[in-house]
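A.B. asks: My questions will all concern the structure given below.
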DNA sequence: ATATTTTTGCAATAATGTTGCAAGTTTTAA
DNA sequence: TTAAAACTTGCAACATTATTGCAAAAATAT
């Protein structure tokens, strides 16, 4: 409980029940979470709007980052400590298992650089690999 | 007009006004299109449902492919000819311009392979690079 | 302890996506 | 060329997902 509050305070956020609980979920989860997962795991204890706003706040503060998926849902996952407010450095590859449908942050696999056509200037890059994960193998 | 019908027929689809028009849009567009773009550019001529179903059909037939984005919308773009029904081979990098917000298919830039941790077996990979495009440079 | 600031939940609203079905269109085949 | 068969469209209804304003409640600062 103490470390959660610390993470929140360090980012200038009030420590509230919903924020603590949602942060808890992320710290307990290996993979990424969707908004629906959070509603399910909090058993409706917090209003849908509160969950939206909490996720948005966490993203803004660099506590979590977003992962786009092909089925039009956004996943959220914890950022490593080198994320700062407004500056995400989640330059690692994400892995989606086609069997268990979980999403993993492969923190040790960095997104490789690619050579772009003339005139295109890169800023950020994200990469998603799908396949079979270590648990479903 | 003739080539549009050919593309549709080749994929076993009836040639209808909405399909021809929407295919038209894709052939005329350098970047990717969202559902909303299509509604805008057809000026409400076709029902929202028809647009959804047309896009879905085109994806199934391998005429277009989907690109996930961070803002929770799906973009669609033409597949190159090596896409077949049920088998997408859009293994190229997508580029999102942070100024004009257009999405480009960089058909000549292939998604590089990465070395995954033990136990993870890759199947497909997608990569999105954001930055400044050739027009906004 | 109390004032100030921030967060939450409710209600209302908007945007987005899906399904069944009757009417209309396209294709098939005689 | 036309009639039957097959497929597609649009409407209506509904489901899901997301956003905003505002008053009440909670957390922080003094």
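A.B. asks: Would you confirm whether any residue within the stretch B:44-53 is more than 9 Å from DNA strand D (Cβ to nearest atom), more than 22 Å from residue B:100 (Cβ to Cβ) and within 16 Å of the chain's Cα centre (by Cα)?
C.D. replies: yes
A.B. asks: Looking for something under 23 Å from residue A:74 (Cα atoms) and surrounded by 14 or more Cβ atoms within 10 Å (Cβ to Cβ) - is there at least one such residue anywhere in the stretch B:11-25? So that I can check it myself, show each step before the final result.
C.D. replies: Looking only at the stretch B:11-25, we keep the residues that are under 23 Å from residue A:74 (Cα atoms), and these are none.
So far as the stretch B:11-25 goes, no, none of its residues is under 23 Å from residue A:74 (Cα atoms) and surrounded by 14 or more Cβ atoms within 10 Å (Cβ to Cβ).
Residue by residue, here is whether (1) crowded, with 20+ Cβ neighbours inside 10 Å; (2) in contact with a helix residue (DSSP H, G or I) (Cβ under 8 Å, 6 or more places away or on another chain); (3) without any contact (Cβ under 8 Å) to a residue 12 or more places away in the chain; (4) farther than 23 Å from residue B:116 by Cα holds:
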residue: A:30; (1), (2), (3), (4): no, no, no, no
residue: A:65; (1), (2), (3), (4): yes, yes, no, no
residue: A:105; (1), (2), (3), (4): yes, no, no, no
residue: A:128; (1), (2), (3), (4): yes, no, no, no
residue: A:137; (1), (2), (3), (4): no, no, yes, no
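A.B. asks: Could you check the stretch B:1-118 for helices (runs of 4 or more DSSP H) lying wholly inside it with 2 or more residues that are within 14 Å of another protein chain (Cβ to nearest Cβ) and either modelled with pLDDT of 95 or more or within 16 Å of DNA strand C (Cβ to nearest atom) (or both)?
C.D. replies: Values: elements: B:2-10, B:17-28, B:35-42, B:48-61.
Answer list for the stretch B:1-118: B:35-42, B:48-61.
The values are calculated or read from the model by the stated rules, or taken from the named source; none is laboratory data. All values derive from a computational prediction rather than experimental measurement. Ideal geometry is used to build each Cβ from the backbone, glycine not excepted, and the neighbour counts take in all protein chains shown.
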